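Below you'll find the structure, written out as structure tokens, and then a few comments.
Every read-out reported here was derived from the displayed coordinates using simple, explicitly stated rules and does not represent laboratory data. These numbers come from a predicted model, not from an experiment. Cβ sites come from the backbone with ideal geometry, for glycine too, and all protein chains shown count toward neighbours.
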Amino acid sequence: MTDRWPRGLPARLPVLWPAAMLLLFFVVPFGIMLAVSFFHQVEGGFYEPGFELANYARFLDPFFGRALLFSLWISVLAAVIVIAVAFPFTYCLTRLRRRAQIPFLVFVLAVLSLSEVIIGFAWSTLLSRTAGLSNLVAWAGLIPRAQAWTPSFGALLMGLCYLGFPYTVLILFPPLSRLDPEIPEASRTLGASPLRTFFLVIVPVLRAPLLGALIMVFVFNLGAYLLPQVLGRPQHWTLSVHISDQAVFQSNLPFAAAMAIFLMLFSLAFIGLTMVLGGRKEAAR
Amino acid sequence: MNWNSSKTSSHPAAGRRQVLLAAAATGALAMGGLRPRPARAAGSLKVGTYGGYFKDSFDEHIYPDFTRETGIQVESIAEPTGEAWLVQLQTAAQAGQAPADVSMMAQVARLKGQNANLWAKLDEAKLPNTKNLHEHFVHRYPDGAISGVGAVSWYVTLCTNTEEFPEPPTSWKALWDEENAGLIGLMALAANSFLLEITAKTWFGGTDLLGDEAGVQQALDKLKELVPNVQLWWRDEGQFQQALESGEIPMGEYYHDVTGLAASQGKPVRSTFPEEGGVLDSGSWCVVNTSKAIDEAHVFIDYMSRPDIQAKLARKVGTSPTVRRELTDLTPEEFAAVGSDIPPIIPRYDLYVERDEWVSQKWSELIAG
């Protein structure tokens, strides 16, 4: 393998370009954010360079701890729901004829073109008392009168799932399309029911992409700061909402930076844990 | 992403005020003709106002006449919301840059900038028209130098949907009424909702209560009683205005000018000055200390402090004048459209500057229940 590694500077130039971009657009901004998180915030003014842990100490307050836990909880929940819906959907989609797949894929791609703002406001109208779906339910006689279903935990969960769904389908589509049809066929020939085949053969074979999709949707949800504001009540505002409040409305960049670092560390730890657990099961087999 | 529209987001031009256009133009001409013209300082000036309705209105009604009269070209800049613009100005100033020479700043942001010496000290001799202003609209550094000048003011009032509430509410106490549970929308942040001030005035006789932390805590405890009534805590004006017009959330605090504009376009909404008064908030002109157009900035701020220009703003943009009312030629009807004779609730901006972190934390805990 070693002789494949490029030798000499000219051969390595193509690698230097992405490395330089990564340094410029990721490492440097991250370094600035890390530095700012230790700066001193002047009450009623701006931050000034310094080194103090005061911004991190504010996390000892249970309020932000609760916001962090809530962010992690709803992100995981929405990720699990999205995978549970998108995986069977994508599996069925790949079993269709090529022609039949296209309209579905176009639809999924079309949803991607909608911004988080449009999705948030569309759902808040759909779930509203005056113009929402509850009017249909009331008309059908299932509830006495139309109700406001937003803002609420359910509305926020719905919005996050809607946002994550098309990405999940696009991640799962290639591996599911490449899945050798002989594998489920063999399972069926050996007498397994379709459900048994799905859960005991197809899911384990595609564990790696499933885990990848789960992590992606989780991280995606963790960063959502707009949907919680539009579809959630204040107790549903995630840490990302508090970060944007501190940065945009309080001009307290050191505290916003500290919260962002904290959130990132937690999500990294969470991803690490998921991968370790996933890997261990792999080894056990 | 700048989805949070600021005070005030994009709204169509003031239809109701179009009828007054001819009268306004005549008045402005007459008054302008009587005044000594400011020295022509040829040059250009970058002026920042909130993107959307404000910027569009200034572009249409103010800057062209200003350029015609003074020869100074105006480059109009759209400011982002909240304190984001303050952060950008500060960061740019550290690099010796000035994204805008003159900016319209909200009061808390203005005070924070003043504490950091971000604003250029203005020469009072070059701003003769500032004597037209109420004294509280001429902001000063501790040494007495002018740090900013009131640009426009606006009221936050109790607004309702006329179909859901056939009778207008009379008091801010309506927010605490259990009958209105689930029908109320309020602003999500302590420093822009001014609910602490409203509570202090409505239940504790005045905003003096907010002078110390014990008083603020008393107001917070009172506010805790209304939290269950609130359906929506909003940051985005568009979101609340749409809910107010459709009747989804038929009551809440909102801007008097924009509500009046919507009502004039046939929307079922009304703005009411409660008996305790509306909240009088304002924006001020500040000049960043790295500006290279300091002379032009003086000319501009002085021009904007003229009674005829303030009257024009009231008619065309719907803002309340920062100059004394008797100096303007606004008729009682025109004044009623942009203000009220009920003494206003004046926000305690000092609270959000001196106890910024404490108040915002307490506030977040309060509304999260």
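So the values come out like this:
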quantity: Only Lys, Arg (+1) and Asp, Glu (-1) charged, at Cβ; the range A:65-284 dipole about Cα centre in debye; calculated: 440
quantity: Segments B:79-91, A:63-75, A:182-194, B:324-336 sorted - mean Cβ within 10 Å per residue, highest first; calculated: B:79-91, A:63-75, B:324-336, A:182-194
quantity: Once the Cα gyration tensor of the range A:51-184 is diagonalised, semi-axes √(5λ) in Å; calculated: 33, 27, 14
quantity: Enclosed volume per residue, in Å³, of the convex hull spanned by Cα atoms of the range B:66-189; calculated: 204
quantity: Top positive-direction residue, dipole computed over chain A with Cβ charges, set A:247, A:140, A:262; calculated: A:140
quantity: Cα gyration tensor category, rounded, prolate or oblate, for the range A:65-284 with a/c compared to 1.5; calculated: oblate
quantity: Computed helical MRE - 222 nm, chain A, DSSP H runs ≥ 4 contributing -39500 (n - 2.57), nearest 500; calculated: -21500 deg cm²/dmol
quantity: Nonlocal amide H pairs with residue B:187, under 5 Å, H built at 1.01 Å; calculated: B:234, B:253
quantity: Overall dimensions of chain B as given by Cα atoms, namely Rg and Dmax in Å; calculated: 20.3, 61
quantity: Unit charges on C-beta of K, R, D, E only; dipole of the protein assembly as shown, Debye; calculated: 2740
quantity: Kirkwood hydrodynamic radius of the protein assembly as shown, from inverse mean 1/r over distinct Cα pairs, in Å; calculated: 27.9
quantity: Ellipticity estimate at 222 nm from DSSP helix runs (n ≥ 4, -39,500 (n - 2.57)) divided over chain B, nearest 500; calculated: -11000 deg cm²/dmol
quantity: Peptide A:147-155 - average C-beta neighbours from other chains (10 Å radius); calculated: 2
quantity: Size of charge dipole - chain B - debye, nearest 20, with Cβ of Lys, Arg +1 and Asp, Glu -1, no other charges; calculated: 1240
quantity: For peptides B:227-234, A:132-139, B:355-362, sequence by mean Cβ density within 10 Å, most packed first; calculated: B:227-234, B:355-362, A:132-139
quantity: Mean Cα-pair separation over length for chain B, i.e. relative contact order, pairs under 8 Å, 6 or more apart, %; calculated: 26
quantity: Cα lying deepest toward the dipole's positive end in the protein assembly as shown, options B:345, A:152, B:128, charges on Cβ; calculated: A:152
quantity: Over the range A:65-284, relative contact order from alpha-carbon pairs under 8 Å, at least 6 apart, %; calculated: 28
